[in-house]
Amino acid sequence: MKEYKNQIPVSLPVMVSKEGKWFVAACPLLDIATQGKTEKEVKENMEELIQEYFSDPDTVKPTASQILSSSVSLINVPVKGVSLCQSSSL
């Protein structure tokens, strides 16, 4: 992770998934997304995009309270018709 002077590190929720040949990262709190050829690249791209997001004077930003009060939860929900096995017939 790069170090930035006069900045406070903030944890933001970022979801990374693989879509075809690309890794896609999304930050729902900021409503931004990016892609990369590797998981490392997409995380680096997201870090740069977040820096650009907060540097852009025209972008409406969430308040510090909104950022600090956000959390990520994983919930298990039974969903009919969804299998963890990959089918070779697709």
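Just so you know, all these numbers are worked out from the coordinates, no wet-lab data involved. Given the structure is predicted, the values throughout are model-derived calculations rather than measurements. Quick reminder, even Gly has a Cβ in these numbers, built from the backbone with ideal geometry, and neighbours come from all protein chains shown.
Summary of values
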| item | result |
| --- | --- |
| Distance cut-off 13 Å, percentage of C-alpha pairs in the stretch 15-67 lying past it | 58 percent |
| Convex hull volume per residue for the chain, taking Cα atoms only, in Å³ | 148 Å³ |
| Proximal charge balance of Gln35 [Cβ under 9 Å; K/R count +1, D/E count -1] | -1 |
| Cα→Cβ-extended label distance, 7 Å offset, between Gln51 and Asp31, nm | 2.5 nm |
| Mean separation of Cα contacts under 8 Å, 6 or more apart, over the residue count of the stretch 15-67: relative contact order % | 25 percent |
| Degrees, to the nearest 10: 39-55 long Cα axis against longest axis of the chain | 40 degrees |
| The chain, relative contact order in percent, only Cα pairs under 8 angstrom and at least six apart counted | 18 percent |
| Nonlocal amide H pairs with Ile32, under 5 Å, H built at 1.01 Å | Cys27 |
| Charge context of Lys61, other residues only, Cβ under 13 angstrom, K/R +1, D/E -1 | -4 |
